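First comes the structure, then the notes that go with it.
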Amino acid sequence: MALGMAAGTATGTAAGSYSAPASSSYELRFDSGRICLDLLATTHPEERLDAVEPLRAWISGSGLVPAGTALGAADASWLVGFRELRGHVGQLVRGEPSRDSRRFGIALARVNELACAAPTPAPRAVWDDGGSLVRALDGDPSCAALLAAVARDAVELLTDPVARASIRECEGDNCPIVYLDTSRGRRRRWCSSETCGNRERVARHRRRAALARA
Ligand SMILES: [Zn+2]
């Protein structure tokens with residue numbers, strides 16, 4: 001039990017590059033190396049996409065839309081859509097792809113369908129009040145457009161042999177996070193050295209201390 005609680009607390013400190021104050025309390029993580037894998041991470045250590053506001057925070061934090069994009073159309077149907085896509089992506093990236101697997105086939109068909117269902121949000125460069133060029137969308141993005149962007153990321157990942165070979169599942173206890181290992185020598189073992197890596201180091205230290213006492 002204590003481990004689980006520690007995991008939840010530690011995750012919050014490792015929110016990666018995400019720093020929007022309104023949303024940091026959701027403890028979202030964006031350190032998997034791919035948007036479609038970041039979406040998978042929203043199940044850990046518990047369901048993050050359980051309300052519209054955290055979903056908005058995830059969409060903003062993931063970089064799917066330029067900073068400051070209003071997501072006014074987001075509602076409960078968006079939650080259903082993102083969670084459905086998340087389930088299919090998980091099916092596709094965990095384990096080997098197989099032509100013979102019915103579940104893999106269903107997930108693949110659905111991700112392909114979502115990837116082509118709408119044009120992805122296309123940012124333009126516009127002047128902000130301070131005279132800098134910033135990215136902005138033409139209008140509020142639709143759910144279909146955002147799902148298409150995540151689904152295309154999954155399509156690109158699945159069809160890129162180098163990236164595919166770099167997919168790893170964290171070695172941490174009970175940590176299901178899947179990430180892209182782009183480290184030198186491909187020896188990254190943890191979803192995050194601050195959370196799972198640190199927990200392993202602490203456990204190793206305790207084991208050594210216990211041995212020394214024995
Ligand atoms: Zn982990």
| said: Quick check on the chain: helices-only [θ] at 222 nm, where DSSP H runs of length 4 and up contribute -39,500 (n - 2.57) each and the sum goes over total residues. Nearest 500, please. | reply: -14500 deg cm²/dmol
| said: Taking loop as defined by DSSP and a crowding limit of 13 other beta carbons within 10 Å, which GluC sites (Glu not before Pro) in segment 54-163 fit? | reply: none
| Under the rule that a partner needs its Cβ under 4.7 Å from the first Cβ, which Cys of the chain have none? | 36, 116, 143, 196
| To the nearest 10 degrees, how steeply does helix 76-93 sit against the main Cα axis of the chain, on a 0 to 90 scale? | 50 degrees
| Which of the trypsin sites (Lys or Arg not before Pro) across segment 72-142 are loop residues per DSSP, with 13 or fewer other Cβ within 10 Å? | 94, 99
| task | For helix 102-116, report the angle its Cα long axis makes with the longest principal axis of the Cα atoms of the chain; keep it between 0 and 90° and round to the nearest 10°. | result | 40 degrees
| said: Stokes-Einstein diffusion coefficient for the chain at 25 °C in a medium of 0.890 mPa s, Rh from the Kirkwood formula over Cα pairs: what value in µm²/s? | reply: 131 µm²/s
| said: With angles folded into 0 to 90 degrees, how steeply does helix 2-13 sit against the dominant principal axis of the chain? Use alpha carbons for both and round to 10. | reply: 40 degrees
| message | Please list, in order along segment 154-171, the HN-Hα scalar couplings obtained from phi with the Karplus expression 6.51 cos²θ - 1.76 cosθ + 1.60 (θ = phi - 60°), rounded to whole Hz, x for Gly and Pro. | response | 5, 4, 5, 5, 5, 9, 10, x, 5, 5, 4, 5, 9, 6, 10, 9, 4, 7
| remark: Mean-square fluctuation maximum in Gaussian network of the chain, Cα pairs under 10 Å, restricted to 58, 127, 190, hits 127
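Rule-based calculations on the coordinates, nothing more; no lab input. What you see is a predicted model, and the numbers here were worked out from it, not measured in a lab. In this analysis, Cβ positions are derived from the backbone assuming ideal geometry, glycine residues included, and neighbour counts consider all displayed protein chains.
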